[in-house]
Amino acid sequence: MSKKEEKPFIASRPLTLIYKLPISKTLPFWEGLKQGKFLTTKCKNCGRMTFPPQADCPSCYSSEVEWVELSKEAELLTATAVMVKPSSFAQEETYIVAVAKLKEGLKAVGWLKGVKPDPAELKEKIKPGMKLKVETAISKEGNPYYVFVPA
Amino acid sequence: MRRVAVVGVGHSKFGRRDDVNLGELAFESIKPALEDAGLAPEDIPFLVVGNGGFCEETLPAVAIADYAELYNAELLRVEAACATSSAALSMAYNAVASGKVDVAMAVGCEKMTELDTPYIVELIGRAGFFFWEFQHFGLTFPGYYALHATAYLNQYGASEEHLAMVAVKNHKYAATNPYAQFRQEITVEQVLKSPYIAWPLKLFDCCPITDGSATVILAAEEKAKKLTDTPVWIEAIEGCGGSANLSKRESFVGLKAAQVAAEKAFKKAKITPDKIDVANVHDCFTIAELMAMEDIGFCGRGEAYKLVEEGQTYIGGKIPINVDGGLKAKGHPIGATGTSMIYSLTKQLRGEYIKSNQAPIKHGYALAHNVGGTGHYAYITILSRK
């Protein structure tokens with residue numbers, strides 16, 4: 001595992017890429033978060049609810065979907081704490097990512113706040129069935145998002 | 001469809017290969033594969049390059065084909081995340097089996113260390129479900145598998161020690177594999193003491209960041225019999241896609257795509273899992289090896305960690321797994337891993353693998369399990385020497 005000496009190289013020309021991620025078709029979700037609401041899509045044709053929201057129903061392929069408000073009640077399915085972070089998250093403290101089952105039966109991925117990301121505490125507290133609630137928040141970059149917190 | 005055999009394999013040294021560029025690295029496996037098959041560059045009419053896209057080349061297939069001057073071939077590049085070169089092999093197989101060509105080459109090659117580690121962690125993390133998982137929540141690949149590890153350990157009562165046992169085995173076999181990135185044995189205690197990368201996975205639960213290449217040449221039955229006395233037949237190569245977004249996933253203790261691909265492959269090959277003499281499975285993280293054993297059907301749900309505890313996955317055990325060191329210790333150059341598995345298993349079935357790593361071949365079958373993402377793609381290949 002010892003770090004070997006680097007071989008000769010020429011540094012490439014630098015490239016910084018920022019993609020513009022379209023949200024037109026899921027805009028009510030992002031606007032809802034700003035107002036403290038947790039919304040998703042429901043197909044008007046077959047009734048399928050999806051999370052994350054999507055403008056086209058993956059079951060019957062209808063594009064007639066409506067926006068419905070979710071209860072914000074959830075329970076934990078599984079979680080991890082990310083100690084070694086990607087470069088664009090380098091400034092963040094260690095964060096816990098959870099997969100939770102919403103009361104409506106849908107699943108969602110998101111940060112779990114309110115639990116210390118310490119291995120001993122994680123081992124004790126991270127158990128399937130742990131009751132959670134969804135809270136809305138605004139990121140440092142100004143983007144709305146949601147988090148799970150212990151209920 | 002015609003029968004198709006592996007007639008040539010080549011492998012580069014895996015590791016931090018900052019002494020070579022993409023074309024030079026691919027050449028290290030293309031040349032020995034051609035020599036193994038007794039073919040010349042102009043004998044290759046169909047070339048599929050597997051590359052995940054982690055270096056500066058926008059058109060990696062072109063860089064590789066140009067360096068080795070494989071100009072006679074129809075050329076394409078495929079991507080199936082960490083199952084990329086199994087997908088490449090599948091395309092090459094189709095071209096030969098269909099009768100389009102008599103010979104085809106699949107080159108898996110990846111250069112990952114040209115970027116510093118945080119950037120590679122970033123790029124691989126983006127390869128889950130970008131918008132809903134990475135953009136907002138910064139999941140990394142260790143993180144994706146850690147979510148499965150948490151679920152598995154909670155559901156079946158396995159421990160972090162069981163995960164460590166997988167790493168210990170794979171390091172043991174990598175120690176005697178000259179192509180492997182890590183050539184030293186480790187202990188369970190060392191694994192358990194290593195720092196957490198994504199709880200509950202620790203440094204020694206994770207495969208390294210690797211540069212490497214592996215090449216496989218296929219031929220149709222008649223041609224294969226002329227080229228070699230030891231053809232290794234592709235009995236099945238079956239793939240399946242799966243949910244990218246974890247919120248659409250039914251279960252976190254196995255990978256559905258791998259289960260479906262395995263079922264399809266065993267049906268096609270007309271055999272059952274107990275006929276497999278040796279297997280390479282996608283152990284990008286230790287938990288992945290346990291899930292793979294259950295997804296393939298080497299044991300029932302929740303039983304893999306018990307087989308590991310009993311040492312049944314070592315040579316001499318019920319089912320030797322990753323006895324070339326696996327992704328965990330041989331290394332995991334994303335686009336080269338699938339063809340690297342086929343390299344090891346072809347040598348195993350020919351009975352010409354590294355002596356200390358040669359598994360006993362009783363039934364004459366070997367299996368490669370190659371997963372892209374966390375089951376976003378899965379390929380199962382069954383090889384035979386019959």
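The values are calculated or read from the model by the stated rules, or taken from the named source; none is laboratory data. All of these numbers come straight from a predicted model, not from anything done at the bench. Positions of Cβ are generated from backbone atoms using ideal geometry, with glycine treated the same way; all protein chains shown enter the neighbour counts.
Some observations on this one:
- Here segment A:28-43 is the region considered, the condition is being loosely packed, with under 13 Cβ neighbours inside 10 Å and on the phi < 0 side of the Ramachandran plot, and the residue that is farthest from the other protein chains (Cβ to nearest Cβ) is A:35.
- In segment A:44-70, the residues that are over 17 Å from residue B:245 (Cβ atoms), among the hydroxyl-bearing types (Ser, Thr, Tyr) and surrounded by 11 or more Cβ atoms within 10 Å (Cβ to Cβ): A:62, A:63
- Residue within segment A:78-95 that is within 17 Å of residue B:133 (Cα to Cα), touching a residue at least 60 places away in the same chain (Cβ under 8 Å), surrounded by fewer than 20 Cβ atoms within 10 Å (Cβ to Cβ) and within 11 Å of chain B (Cβ to nearest Cβ) present: no
- Residue check, residue B:170 crowded, with 21+ Cβ neighbours inside 10 Å and in a loop (DSSP other than H, G, I, E, B): no
- The set of residues in segment A:119-136 that are surrounded by 14 or more Cβ atoms within 10 Å (Cβ to Cβ), within 10 Å of chain B (Cβ to nearest Cβ) and not β-branched (Val, Ile, Thr) comprises A:119, A:122, A:123, A:128.
- Residue match in segment B:137-157 (condition: small (Gly, Ala, Ser), in contact with a Phe, Trp or Tyr (Cβ under 7 Å, 6 or more places away or on another chain) and assigned to a loop (DSSP other than H, G, I, E, B)): yes
- Check on residue B:164, surrounded by fewer than 19 Cβ atoms within 10 Å (Cβ to Cβ), of a type in the set (A, V, I, L, M) and either over 25 Å from residue B:115 (Cα atoms) or away from chain A (no Cβ under 14 Å) (or both): no
- Residue count, segment B:125-143 (criterion: within 14 Å of residue B:374 (Cα to Cα) and in contact (Cβ under 8 Å) with a residue 40 or more places away in the chain): 8
- Options B:354, B:334: the member that is surrounded by fewer than 24 Cβ atoms within 10 Å (Cβ to Cβ) and touching a residue at least 40 places away in the same chain (Cβ under 8 Å): B:354
- Matching option when the condition is among the aliphatic types (A, V, I, L, M), modelled with pLDDT of 95 or more and within 20 Å of residue B:90 (Cβ to Cβ), among B:287, B:271: B:271
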